[in-house]
1. Calculate, for Tyr185 and Lys2, the FRET efficiency according to 1/(1 + (r/R0)^6) with r their C-beta to C-beta distance and R0 45 Å; round to the nearest 0.05.
2. Among Val132, Ala193, Leu183, whose Cα lies farthest out toward the positive end of the dipole of the range 125-204, if unit charges sit on the beta carbon of Lys, Arg (+1) and Asp, Glu (-1)?
3. If R0 is 30 Å, what FRET efficiency do you get for Lys208 and Ser46 from their C-beta distance, rounded to 0.05?
4. Looking at the range 179-277, which trypsin sites (Lys or Arg not before Pro) are DSSP coil and have at most 14 other C-beta atoms within 10 Å of their C-beta?
5. Hey, quick one: spin label on Ile259, modelled 7 Å out along Cα-Cβ, who in the range 226-243 has an amide N within reach, i.e. under 16 Å?
6. Report the FRET efficiency, 1/(1 + (r/R0)^6), for Ser23 and Ser142, where r is their Cβ-Cβ distance and R0 is 35 Å, rounded to 0.05.
7. According to the square roots a ≥ b ≥ c of the eigenvalues of the Cα gyration tensor, what is the shape class of the range 208-276, taking rounded for a/c under 1.5, prolate for a/b larger than b/c otherwise, and oblate for the remainder?
8. Straight-line reach only, C-alpha to C-alpha below 18 angstrom: list the lysines that Lys18 could link to, leaving out same-chain residues fewer than 8 apart.
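None of the figures in this text is laboratory data; all of them are computed from the coordinates on show. Note that the coordinates shown come from a computational prediction; the quantities given were computed from them, not determined experimentally. FYI the Cβ positions are ideal-geometry reconstructions off the backbone, even for glycines, and counts take in every protein chain you see.
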Amino acid sequence: MKKIEAPSLELAYSKAAKEFGCSVTALQVEIIQFPSQGFLGLFKKSAIIVANLPVGAAVAAAVPFVSAPVDEVHLEEEEHRGSMHNDLLLSESFATAQEEEADEEDDEDLYGDYEGEDEYEELSVEECALEVKEKINELFKSICFDLHEIEVSAYDENTLLVELTGVDSALMIGKEGYRYKALSYMLFNWINATYGLQLRLEIAEFLKNQEESIARYLVGVCDNIEREGRGQTKTLDGVLVQIALKQLRDRYPDRYVAIRSTRDGGKFIVINSYHEY
């Protein structure tokens with residue numbers, strides 16, 4: 001019995017066949033881990049199998065090869081294709097069973113500890129921060145980036161502050177912030193769905209710098225609003241439009257402040273009086 005690891009199941013099967021010097025169909029295979037491409041190149045998993053060659057098959061594999069008649073060769077090819085098809089079906093069934101078991105385990109984790117209570121025990125923002133910190137550091141411990149321990153704290157009563165620092169922290173932002181956006185989206189969906197909290201993600205002061213940049217730009221916009229009673233921003237990128245929206249709503253709580261879209265999908269913010277809508 002040998003443990004085989006490869007980038008895909010096909011390569012793992014092929015590697016196992018070479019290890020035992022036989023065909024794939026002669027092996028008894030148990031799939032330990034299915035391969036995964038991960039997310040943004042992170043958390044990628046290889047295929048892991050445990051292969052064994054039964055005694056009868058081992059004896060057959062040791063017998064010198066003798067050319068078979070044409071009909072037998074075709075028959076063996078059909079059996080091989082059928083066996084590979086069955087292996088695929090078994091793999092899919094195994095994956096489905098794993099997912100069902102994971103769902104059942106999740107249900108037990110969610111409800112089992114409460115011994116019949118109808119609602120979850122409410123956690124404070126500080127308690128949520130400690131729990132998220134433990135889980136997020138466990139998630140990131142295997143990545144190739146050189147990061148310090150990720151800090152999670154309560155930013156306010158409804159928001160968690162997640163801070164990534166370290167030698168390679170700037171690499172987590174990506175060109176034009178594409179990695180920052182993807183990571184922010186992923187973490188927000190988890191934190192908001194699990195704890196009902198908002199997220200403030202800070203990576204190497206990226207968010208702080210963006211907020212300062214938007215604040216400087218909005219000075220002219222606010223001057224125009226004070227003068228004419230209305231105004232709008234230029235087209236802003238995804239992260240920037242959200243920052244500008246918050247700053248404008250904080251400054252003009254009694255006005256209509258909303259995001260609008262251009263024909264090509266760009267986003268900008270309009271500021272007006274409520275009675276005009």
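1. Working: r = 41 Å, r/R0 = 0.91.
Using R0 = 45 Å, I get an efficiency of 0.65.
2. Looking along the dipole axis, the top candidate is Leu183.
3. Rounded to the nearest 0.05, the efficiency is 0.20.
4. Details: sites: Arg179, Lys181, Arg200, Lys208, Arg216, Arg227, Arg230, Lys234, Lys246, Arg249, Arg251, Arg255, Arg260, Arg263, Lys267; in loops: Arg230, Lys234, Arg255, Arg263.
Answer in residue order: Arg230, Lys234, Arg263.
5. 233-243
6. Given R0 = 35 Å and the Cβ-Cβ separation, E is 0.50.
7. Numbers: a/c = 1.72, a/b = 1.18, b/c = 1.45.
Oblate shape, in that a/c is at least 1.5 and b/c is the bigger or equal ratio.
8. Cα-Cα hits under 18 Å: Lys2, Lys3.
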